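Engineer: Dropping a structure here in structure tokens format, bear with me for questions.
The values are calculated or read from the model by the stated rules, or taken from the named source; none is laboratory data. Not measured: the values here are computed from a predicted model. Every residue, glycine as well, gets a Cβ built from its backbone with ideal geometry; the counts of neighbours run over all protein chains shown. When the accessible area is computed, the model is the full protein with side chains, heavy atoms only, and any ligands, DNA or RNA have been set aside. Shrake-Rupley method; radii C 1.70, N 1.55, O 1.52, S 1.80 Å.
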Amino acid sequence: MLHEFVTTYRDPIIARTREKLTDRPWPLASTSELEHGVPLFLTQLSETLRWETTPTPFSQNTIGASAVQHGRELLALGFNISQVVHDYGDICQAITEVAVQQHVPITTEEFHTLNRCLDTAIAEAVTEHARITAHARSTDEVERIGQLAHEVRDLLNTALLAFHT
């Protein structure tokens with residue numbers, strides 16, 4: 001079962017993910033992201049896989065909520081959207097590579113669940129990243145327009161005073 005594999009080989013998966021993150025051409029992830037983001041996703045993935053074998057599936061909202069926080073944290077660390085997507089892709093690759101290395105088969109259903117969880121996590125993290133980025137740009141634009149209006153008002157006031165004089 002993949003959920004048992006993810007739980008049993010948690011540390012090698014995290015180590016492999018860390019290797020993949022450090023091989024990327026952009027700055028390294030923070031220790032906080034490696035200590036909390038990846039392990040949290042693995043825990044939720046394991047729970048999702050375990051619950052998929054029962055009549056009551058695990059809620060995708062749980063993975064989505066933590067992915068929103070993860071996207072927020074990665075933006076705060078300066079990651080762009082491509083890096084956020086690659087972060088989750090590295091987790092998937094690490095899981096499959098460790099499974100191949102340990103000769104642990106992954107069933108089609110388990111791989112489907114893994115991909116669904118990754119899709120949800122990527123979508124939510126990217127959406128949060130984009131939302132915050134758009135909000136920051138909007139705020140910057142409002143400030144820029146406010147400064148421009150202030151400068152125009154000063155020039156207009158000066159012109160009116162000169163005209164009256």
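Engineer: How large is the helix-only mean residue ellipticity at 222 nm for the chain, computed as the sum of -39500 (n - 2.57) over DSSP H runs with n ≥ 4, divided by its residue count, in deg cm²/dmol to the nearest 500?
Structural biologist: The helix-only estimate for the chain comes to -27500 deg cm²/dmol at 222 nm.
Engineer: I'd like the accessible area for I106: 1.4 Å probe, protein heavy atoms, all chains in place, Å² to the nearest 10.
Structural biologist: 50
Engineer: Percent relative contact order of the stretch 68-139, based on C-alpha pairs within less than 8 angstrom and at least six residues apart?
Structural biologist: 61
Engineer: Give the residue from T96, L155, V85 lying farthest towards the positive end of the charge dipole for the stretch 75-165; charges sit on Cβ (+1 for Lys and Arg, -1 for Asp and Glu) and the dipole is referred to the Cα centre.
Structural biologist: It is L155.
Engineer: Using only Cα atoms, find the angle between the long axis of helix 108-164 and the longest principal axis of the chain, and express it within 0 to 90 degrees, rounded to the nearest 10.
Structural biologist: Computed tilt is about 10 degrees.
Engineer: Cβ under 11 Å from I81's Cβ, I81 left aside: what net charge do those residues give with Lys, Arg +1 and Asp, Glu -1?
Structural biologist: -2
Engineer: While we're here: Using only the Cα atoms, work out Rg/Rh for the chain, with Rh taken as the Kirkwood radius, to two decimals.
Structural biologist: 1.28
Engineer: Here's something else I'd like to know. Just how large is the dipole of the chain about the Cα centre, in debye to the nearest 20, putting +1 at every Lys and Arg Cβ and -1 at every Asp and Glu Cβ?
Structural biologist: In debye, rounded to 20, the chain gives about 180.
Engineer: Additional query: Once you have the Cα-Cα distance between T108 and A134, take 0.36 nm times their residue separation minus that, and quote the gain in nm to one decimal.
Structural biologist: Stretched fully, the T108-A134 segment lengthens by 5.6 nm.
Engineer: What is the local net charge at V68, summed over the other residues whose Cβ is closer than 11 Å to its Cβ (Lys, Arg +1; Asp, Glu -1)?
Structural biologist: So the environment of V68 carries a net charge of -1.
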